[in-house]
Amino acid sequence: MPVGLLAGYEPVPAVHDEMVDGGGRLHDQWAHVGRVLDGLGPLELTRRRGEAARLLANDGVNYQLAAGQTGTRRWELDPVPLLLGSGQWAEVERGVIQRAELLNLVLTDLYGPRELLRTGLLPPELVYGHPGFLRQADGIRIPGPQQLFACAADLARDGKGDWWVLSDRTQTPSGFGYALENRVVVSRVFPSMYRDAQVHRLAPFFRTLRTALQAAAPPTAGEPRIVVLTPGPWSETAFEHAFLASYLGYSLVEGADLTVRDGRVWIRSLGQLEPVDVILRRVDSSYCDPLELRSESLLGVPGLVEACRIGSVSVVNTLGSGVLENPGLLSLLPRLCERLLGQPLRLPSVPTWWCGEEDGRRHVLAHLDQLVVKSIGREPGAQTKLGWQLSADELDELRHRIEARPYGWVGQERLDLATVPALTEAGLEPRPAVTRAFLVARHDSYVAMPGGLASVATSAGGEFIAKRDSAVYKDLWVLASEPEELGGFWLSGGRKVASEQAMSSRAAENMFWLGRYAERAEAVGRLLRVVSDRRNDFPDGVNPAGTACLRSLLGALAQVTGTHPGFQPDDTDISGALLDLLTDSSRTGSLAFAVRRLRDAAYPVRDQLSGDIWVVLGALERELLDPADPARGAALASGTLSRVLTSLLALSGLAGESMVRDHGWRFMNAGRRLERALQVCALLRSTVTVARDTATDSLLLESVLTSTESIITYRRRYRSHAQLTTVLDLLLLDPDNPRSVGYQVDRLGEDVAAIARRDGTARLTEPERLVLETSTALRLTDLTPLTEADPGGARPGVAAVLDQLSGLLERTGDALDAAHFTHLLPQQPMPTPAGTGHTTHLRLV
């Protein structure tokens, strides 16, 4: 009998529980894990749940809220896994594989001979009345017998312990990447328990996925080029799209990155078009081609459907596969299985009645207050209705809607679900759960992921089976009956097939601005720290030189950040304004604004970045972008600025030491070098172009050197008070100072040359010419006469040089933009006949 933590676990009477039986004894598969959890106790389990949340935040794991809502929701993970023994899993595996084979035959027939419709096994209204059926996809095939490339099944046990299939996911089944991320996190939170439990690994499944994608390529493709098509960084499951692309080693692209020319799909790479053979799509079928499908879609590729017809590209899942998500099919699957496979359906579907049949409609209308009622499509406004929660008027309205369009509705039985142990503030408590199993094609059948994604109710509410928006997720462990054999993944033979230059113009632009905003944030952070230090040095305004230096630095801060109206001479309390420059992400020029833009540039190119970079970005988001805490009023003094700078320095180090010097890194580094040079010029322009008294100038030059991280070098080299000529020499001309403008221009020249688009001649490109002009201007600069002040105290020579350099650097940035970044005109919706326009609602789960 369990003791301690498990002794307080009270399963629901007469309801199957995954962890304990009716007598409170642990099921066999829970024997080891149960003992471990019991030994850890509630306090340690709570700590490890916090550790899991920290790891997820570090990896940037989130879920964008659905259309009509704003913001993101953190991915909530219960680290206590859900366990299935090898025998239990074998039953589920056989059932979901059979189901995938059956759905594949149905899909192949619907877009081929359509014998199921001709013989009456499928009612035409059920198919043609479903928005997932695309007439434009008729006749489209991908190589091999599996036209359904991948799918998922939502499963649940009822109170007796029997398995039921709640729904099939065949459009763009989400969850693959989240399941893998859950496994990574849970194995880190419970490392010894995971090792000792003999859990089936997920890596072989993703190896199969990779092999299947290669096998799906057209026969004419040699080494196939595979991309992952995403709606963009703000789609609901954007994390998963980028995570899968990075894990599998494929390019993450958006619709605007692709084009169709001469019947083929091409990626708009840097300066050239490169062919694409396989598209793993994460965009709903109807949005994939604005020419033939949804005319208002901005997510697709014009001409993609025709390229699929020709067979020059394979899109998986195949276009139109969403028709299989029709819940009206569930009641028909048993007879289809007998007809197409010659065997009974292993895993029954939740009892479903389609209202398009008279018997089904009569049953649904008679039991409307007891059923889960769904539209067969996922149109906006057709939410799932829980009959037992509706008022009499709402039931009447629903009844009228069903009678008006019966083929568009189904009723499903309400299941009382089995329970699983969920970690709560009170310890382990039983909660209902639904599991998503994933499958991918292999040879003439399917392979099921030995695990999956379990969603657990946050309470014992009976409506969880229908509405799972607030679920907490679990990792599903399938326990091996014997040690698992390991196979080689990366040790197979092969040659490099992807060009290092094969990245989209959009990705290159995001990398460029990622570098710029990282450097901009660091420059603003350093200057804020210097200002804060000077305020602490001269708090009471008694020291005239200190006060004048602080006032000059505040002016420089306003100029560098571009914030207005800046700091006025009669301001007595500047703490609020400084705090805004640190934490207000809506204020252009603030540190938080730069970090937000940095994050926004990083998300679309997650597949290009080191995994550790997300640990740093997660820390930056928690410091500056999470909802404001009223207790953060003393943020400058509490260490926020120091922690932010530490994270930015870590980001710079990771970019320098953990990324291959490919084109992506070159663009990021070019952005960083360009921005650093501009920031140094702007700082000098706002501080040293006017002469002040000796004491003030000395403090100000020291502050400038500190802000540019050059004070130690200056003191070691010159061993004297700061002099303008030597300061300018160090910050403008010194080719060995990593903070000087000259150093940035030299590195920028290397990057610009590496990414240059040659026209077949030896002539310099416009960005190269401008960098050379900037470098020449620096080398021809004689600092000595420039530092002389006119009678009014101005130093026009210094100002002129800094203005010239800033102008050349800005023009260089513009030239890089014009040469490499493709700014497509916004797609315009094609006109449709009145009353037939589509809504732009998009949901990808």
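The values are calculated or read from the model by the stated rules, or taken from the named source; none is laboratory data. None of the values given here were measured: they were computed from a predicted structure. When we count neighbours, we look across all protein chains shown, and the Cβ atoms used for this are built from the backbone with ideal geometry, even at glycine. Quick note on the areas: whole protein, heavy atoms, side chains included, nothing else; ligands and nucleic acids left out. Shrake-Rupley method; radii C 1.70, N 1.55, O 1.52, S 1.80 Å.
Exactly one condition in (1) open to solvent by 50 Å² or more (accessible area, probe 1.4 Å); (2) among the aliphatic types (A, V, I, L, M); (3) within 30 Å of Leu107 (Cβ to Cβ); (4) modelled with pLDDT under 95 is false for Ala426; which is it?
(3)
Applying the selection to segment 145-191, what residues are small (Gly, Ala, Ser) and in contact (Cβ under 8 Å) with a residue 24 or more places away in the chain? Break it down into steps so the answer makes sense when it comes.
Kept after step one, since they are small (Gly, Ala, Ser), are these residues of segment 145-191: 150, 152-153, 156, 159, 161, 167, 174-175, 177, 179, 187.
Those that are small (Gly, Ala, Ser) and in contact (Cβ under 8 Å) with a residue 24 or more places away in the chain: Ala150, Ala152, Ala153, Ala156, Gly159, Gly161, Ser167, Ser174, Gly175, Gly177, Ala179.
For Gln568, work out the one condition from (1) of a type outside the set (Val, Ile, Thr); (2) modelled with pLDDT of 90 or more; (3) under 27 Å from Ala594 (Cβ atoms) it doesn't fulfil.
Failing condition for Gln568: (2).
Is it the case that some residue within segment 305-320 is in a helix (DSSP H, G or I), closer than 30 Å to Arg282 by Cβ, open to solvent by less than 30 Å² (accessible area, probe 1.4 Å) and touching a strand residue (DSSP E or B) at 6+ places or on another chain (Cβ under 6 Å)? Quick ask: steps written out before the conclusion?
From segment 305-320, those in a helix (DSSP H, G or I) are 305-310; that's our starting set.
When the remaining residues are screened for being closer than 30 Å to Arg282 by Cβ, the result is 305-310.
Now restrict to residues that are open to solvent by less than 30 Å² (accessible area, probe 1.4 Å): 305, 307-308.
After this cut, where a residue has to be touching a strand residue (DSSP E or B) at 6+ places or on another chain (Cβ under 6 Å) as well, the list is 307-308.
Checked against the condition, which is being in a helix (DSSP H, G or I), closer than 30 Å to Arg282 by Cβ, open to solvent by less than 30 Å² (accessible area, probe 1.4 Å) and touching a strand residue (DSSP E or B) at 6+ places or on another chain (Cβ under 6 Å), segment 305-320 yields at least one hit.
Within segment 140-184, which residues are outside any helix (DSSP H, G or I), closer than 20 Å to Leu84 by Cβ and out of contact with any strand residue (DSSP E or B) (no Cβ under 8 Å at 6 or more places or on another chain)?
Correct list: Lys160, Gly161, Asp162.
Run Gly303 past the list (1) modelled with pLDDT under 95; (2) within 33 Å of the chain's Cα centre (by Cα) and report the number of the one that doesn't hold.
Here Gly303 meets the rest and fails (1).
Out of all the residues in segment 109-127, which are part of a helix (DSSP H, G or I) and in contact (Cβ under 8 Å) with a residue 60 or more places away in the chain? Show your work before the answer.
From segment 109-127, those part of a helix (DSSP H, G or I) are 109-110, 115-118, 124-127; that's our starting set.
Listed by number, the residues that qualify are Leu110, Leu116, Glu125, Leu126, Val127.
How do the pairs read when you match residues in segment 733-746 that are within 17 Å of Ala523 (Cβ to Cβ) with residues anywhere that are of a type in the set (Phe, Trp, Tyr), using Cβ under 8 Å and keeping only pairs 6 or more apart or on different chains?
Asn737/Tyr743
Among the residues of segment 547-568, which ones are surrounded by fewer than 21 Cβ atoms within 10 Å (Cβ to Cβ), touching a residue at least 40 places away in the same chain (Cβ under 8 Å) and either closer than 13 Å to Leu700 by Cβ or hydroxyl-bearing (Ser, Thr, Tyr) (or both)? Let's see the steps before the verdict.
Taking segment 547-568 as the starting set, the residues that turn out to be surrounded by fewer than 21 Cβ atoms within 10 Å (Cβ to Cβ) are 547-548, 551, 555, 558-559, 562-568.
Checking the rest, the ones that are also touching a residue at least 40 places away in the same chain (Cβ under 8 Å) come to 548, 555, 559.
Scanning segment 547-568 gives Ala548, Gly555.
Kindly list the number of the only condition in (1) more than 16 Å from Met503 (Cβ to Cβ); (2) modelled with pLDDT of 90 or more; (3) among the polar types (S, T, N, Q) that fails for Thr259.
Condition (1) is where Thr259 drops out.
Could you please give the count of residues in segment 655-688 that are free of Cβ contacts under 8 Å to residues at least 60 places away in the same chain, open to solvent by less than 30 Å² (accessible area, probe 1.4 Å) and either not in a helix (DSSP H, G or I) or not small (Gly, Ala, Ser) (or both)?
Residues in segment 655-688 being free of Cβ contacts under 8 Å to residues at least 60 places away in the same chain, open to solvent by less than 30 Å² (accessible area, probe 1.4 Å) and either not in a helix (DSSP H, G or I) or not small (Gly, Ala, Ser) (or both): 1 in total.
Mind checking which residues of segment 207-247 are hydrophobic (A, V, I, L, M, F, W, C) and surrounded by fewer than 19 Cβ atoms within 10 Å (Cβ to Cβ)?
Residues of segment 207-247 hydrophobic (A, V, I, L, M, F, W, C): 209, 212-213, 215-217, 221, 226-229, 234, 238-239, 242-245.
Within segment 207-247, Ala215, Trp234 meet the criteria.
Residue-by-condition table, conditions (1) of a type in the set (S, T, N, Q); (2) buried (at least 21 other Cβ atoms within 10 Å of the Cβ):
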{"site": "Leu728", "(1), (2)": "no, yes"}
{"site": "Asp734", "(1), (2)": "no, no"}
{"site": "Ser740", "(1), (2)": "yes, yes"}
{"site": "Arg757", "(1), (2)": "no, no"}
{"site": "Arg769", "(1), (2)": "no, no"}
{"site": "Thr774", "(1), (2)": "yes, yes"}
{"site": "Ala800", "(1), (2)": "no, no"}
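Taking only pairs six or more apart or across chains, which ones have beta-carbon atoms under 6 Å, a first residue in segment 364-375 that is without any contact (Cβ under 8 Å) to a residue 40 or more places away in the chain, and a second residue that is open to solvent by 50 Å² or more (accessible area, probe 1.4 Å) and not charged (D, E, K, R)?
Asp369/Trp388
Looking at this structure, is Pro131 without any contact (Cβ under 8 Å) to a residue 40 or more places away in the chain, in contact with a helix residue (DSSP H, G or I) (Cβ under 8 Å, 6 or more places away or on another chain) and open to solvent by 50 Å² or more (accessible area, probe 1.4 Å)?
No.
What residue, among those in segment 1-57 that are assigned to a loop (DSSP other than H, G, I, E, B) and among the aliphatic types (A, V, I, L, M), is most open to solvent (accessible area, probe 1.4 Å)? Working first, answer last.
Quick first cut of segment 1-57, residues assigned to a loop (DSSP other than H, G, I, E, B) only: 1-5, 9-16, 18-19, 21-25, 27.
Right, trim to among the aliphatic types (A, V, I, L, M) and you get 1, 3, 5, 12, 14-15, 19.
Details: Met1: 169, Val3: 94, Leu5: 23, Val12: 66, Ala14: 106, Val15: 40, Met19: 2 Å².
Looking at residues that are assigned to a loop (DSSP other than H, G, I, E, B) and among the aliphatic types (A, V, I, L, M), I get Met1.
Name the residue, out of Ser590, Ser575, that is open to solvent by 20 Å² or more (accessible area, probe 1.4 Å) and of a type in the set (Ser, Thr, Tyr).
Details: Ser590 fails: open to solvent by 20 Å² or more (accessible area, probe 1.4 Å).
It is Ser575.
Tell me yes or no: at least one residue of segment 520-537 is modelled with pLDDT of 75 or more, open to solvent by 60 Å² or more (accessible area, probe 1.4 Å), part of a loop (DSSP other than H, G, I, E, B) and farther than 30 Å from Thr694 by Cα. Please lay out each step first, then the result.
In the first step, residues of segment 520-537 are kept if they are modelled with pLDDT of 75 or more; the result is 520-537.
Subsequent filtering for residues that are open to solvent by 60 Å² or more (accessible area, probe 1.4 Å) retains 520, 529, 533, 535-537.
Subsequent filtering for residues that are part of a loop (DSSP other than H, G, I, E, B) retains none.
No, segment 520-537 has no match at all.
Listed here are the residues, each with its yes/no results for (1) modelled with pLDDT under 95; (2) open to solvent by less than 20 Å² (accessible area, probe 1.4 Å); (3) within 22 Å of Ala217 (Cα to Cα).
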position	(1), (2), (3)
Gly139	yes, no, yes
Gly144	yes, no, yes
Gln147	no, yes, yes
Ala150	no, yes, yes
Asp154	no, yes, no
Trp164	no, no, no
Arg169	no, no, no
Thr172	yes, yes, yes
Phe176	yes, yes, yes
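When you look at Asp359, is it open to solvent by 20 Å² or more (accessible area, probe 1.4 Å), without any contact (Cβ under 8 Å) to a residue 60 or more places away in the chain, touching a strand residue (DSSP E or B) at 6+ places or on another chain (Cβ under 9 Å) and part of a helix (DSSP H, G or I), yes or no?
Working: open to solvent by 20 Å² or more (accessible area, probe 1.4 Å): yes; without any contact (Cβ under 8 Å) to a residue 60 or more places away in the chain: yes; touching a strand residue (DSSP E or B) at 6+ places or on another chain (Cβ under 9 Å): yes; part of a helix (DSSP H, G or I): yes.
Answer is yes for this residue.
Looking only at segment 444-492, count every residue that is surrounded by fewer than 13 Cβ atoms within 10 Å (Cβ to Cβ) and either charged (D, E, K, R) or modelled with pLDDT of 90 or more (or both) and tell me the total.
Result for segment 444-492: 4.
Among what's in segment 691-722 and is modelled with pLDDT of 90 or more and assigned to a loop (DSSP other than H, G, I, E, B), pick the residue that is surrounded by the fewest Cβ atoms within 10 Å (Cβ to Cβ).
Per the stated criteria, the residue is Asp693.
Please go through segment 321-354 and give me each residue that is open to solvent by 30 Å² or more (accessible area, probe 1.4 Å) and either among the aromatic types (Phe, Trp, Tyr) or assigned to a helix (DSSP H, G or I) (or both), ordered by number.
Glu325, Ser331, Pro334, Arg335, Glu338, Arg339, Leu340, Trp353
From the set of residues in segment 777-795 that are assigned to a helix (DSSP H, G or I) and touching a Leu at 6+ places or on another chain (Cβ under 9 Å), which is surrounded by the fewest Cβ atoms within 10 Å (Cβ to Cβ)? Please lay out each step first, then the result.
Residues of segment 777-795 that are assigned to a helix (DSSP H, G or I), as a first pass: 777-779, 783-786.
Going one step further and asking which of them are touching a Leu at 6+ places or on another chain (Cβ under 9 Å), we end up with 777-779, 783, 786.
Values: Ala777: 14, Leu778: 21, Arg779: 11, Leu783: 17, Leu786: 18.
Ranking the candidates gives Arg779 first.
Identify the single condition in (1) closer than 30 Å to Val12 by Cβ; (2) among the small types (Gly, Ala, Ser); (3) in contact with a Lys or Arg (Cβ under 7 Å, 6 or more places away or on another chain) that Ala212 does not satisfy, given that it satisfies every other one.
Condition (1) is where Ala212 drops out.
May I ask you to verify whether Ser269 is among the hydroxyl-bearing types (Ser, Thr, Tyr) and either at pLDDT below 95 or closer than 30 Å to Thr765 by Cβ (or both)? Write out each step before concluding.
Values: among the hydroxyl-bearing types (Ser, Thr, Tyr): yes; either at pLDDT below 95 or closer than 30 Å to Thr765 by Cβ (or both): yes.
Spelling it out, Ser269 is indeed among the hydroxyl-bearing types (Ser, Thr, Tyr) and either at pLDDT below 95 or closer than 30 Å to Thr765 by Cβ (or both).
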